[in-house]
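*Asks:* This is the structure, below, for whatever I ask next.
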Ligand code: GRF
């Protein structure tokens, strides 16, 4: 399959979406975000549109200026600020996150633009129940600045990946990927915007897929 230069193509999501069965009970989601929260919004909208049978129990954000918190409040979702700067270690920070997620009776943890490394404290408390979205076709371009890395490498196709979280960064089992073309005139901003259109489609789908086991 080739990608037209002027188009954005999701390679995987359409075929999977036909096979997605809604869970009978709403999934209880805890969303973690550090930034703008457009993926939070996409999940909330998929729930409102009845494309995802879930409810968002809480948003945890670590950056006091994160727009994700405003989005949560506008959607009637409780937003809890846990600022990593207030904790002496990553483990202590993750311990507080686990406590909060448990207080809000969360079953599935969605890292939607969570810009902190996680520790076994969080991973072991929600084994195989933590989902991350990353703006590249993993295993290419792990870590921060994935969009910059893709542009610098000269690849003609990049995309996004939703995967289960394990201890190694951006490395857990892949749930869904979508591909987008890299255009000759792309900047980090234009390429990231094209990737995010696909993120907003595949993240809600991947949550249902993961819940199917
Ligand atoms: C997304 O591109 C995601 O892949 C990455 O961080 C970004 C978050 O965007 N991990 P937003 O805050 O959901 O708009």
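*Asks:* Just the residues that are more than 16 Å from the ligand (Cβ to nearest atom), touching a strand residue (DSSP E or B) at 6+ places or on another chain (Cβ under 9 Å) and touching a residue at least 60 places away in the same chain (Cβ under 8 Å), please, taken from segment 165-213.
*Replies:* Within segment 165-213, 181, 208, 209, 210, 211 meet the criteria.
*Asks:* So, one more: Could we say that residue 185 is in a loop (DSSP other than H, G, I, E, B), over 15 Å from residue 142 (Cβ atoms) and assigned by the TED database to the domain that holds residue 141 here?
*Replies:* Numbers: in a loop (DSSP other than H, G, I, E, B): yes; over 15 Å from residue 142 (Cβ atoms): yes; assigned by the TED database to the domain that holds residue 141: yes.
Considered against the rule, which asks whether it is in a loop (DSSP other than H, G, I, E, B), over 15 Å from residue 142 (Cβ atoms) and assigned by the TED database to the domain that holds residue 141, residue 185 comes out as yes.
*Asks:* Using the structure shown, decide if residue 162 is crowded, with 21+ Cβ neighbours inside 10 Å, assigned by the TED database to the domain that holds residue 45 and either within 26 Å of residue 55 (Cβ to Cβ) or within 13 Å of the chain's Cα centre (by Cα) (or both).
*Replies:* Details: crowded, with 21+ Cβ neighbours inside 10 Å: yes; assigned by the TED database to the domain that holds residue 45: no; either within 26 Å of residue 55 (Cβ to Cβ) or within 13 Å of the chain's Cα centre (by Cα) (or both): yes.
Taking the combined requirement at face value, the residue does not satisfy it.
*Asks:* Now for a separate question. Please find, among 144, 130, the residue that is out of contact with any strand residue (DSSP E or B) (no Cβ under 8 Å at 6 or more places or on another chain) and without any contact (Cβ under 8 Å) to a residue 60 or more places away in the chain.
*Replies:* On the way: 130 fails: out of contact with any strand residue (DSSP E or B) (no Cβ under 8 Å at 6 or more places or on another chain).
Just one listed residue meets the conditions, 144.
*Asks:* Going through 210, 206 one at a time, which residue ends up being closer than 24 Å to residue 117 by Cα and either at pLDDT below 95 or in contact with a helix residue (DSSP H, G or I) (Cβ under 9 Å, 6 or more places away or on another chain) (or both)? Reasoning before the result, please.
*Replies:* Numbers: 210 fails: either at pLDDT below 95 or in contact with a helix residue (DSSP H, G or I) (Cβ under 9 Å, 6 or more places away or on another chain) (or both).
Every option except 206 fails the conditions.
*Asks:* Among (1) assigned to a helix (DSSP H, G or I); (2) at pLDDT 95 or above; (3) out of contact with any helix residue (DSSP H, G or I) (no Cβ under 8 Å at 6 or more places or on another chain), there is one condition residue 28 misses while meeting the rest; what is its number?
*Replies:* Condition (1) is where residue 28 drops out.
The values are calculated or read from the model by the stated rules, or taken from the named source; none is laboratory data. Here the structure is a predicted model, which means the values were calculated and not measured. We place every Cβ from the backbone using ideal geometry, glycine too, and count neighbours over all the protein chains shown.
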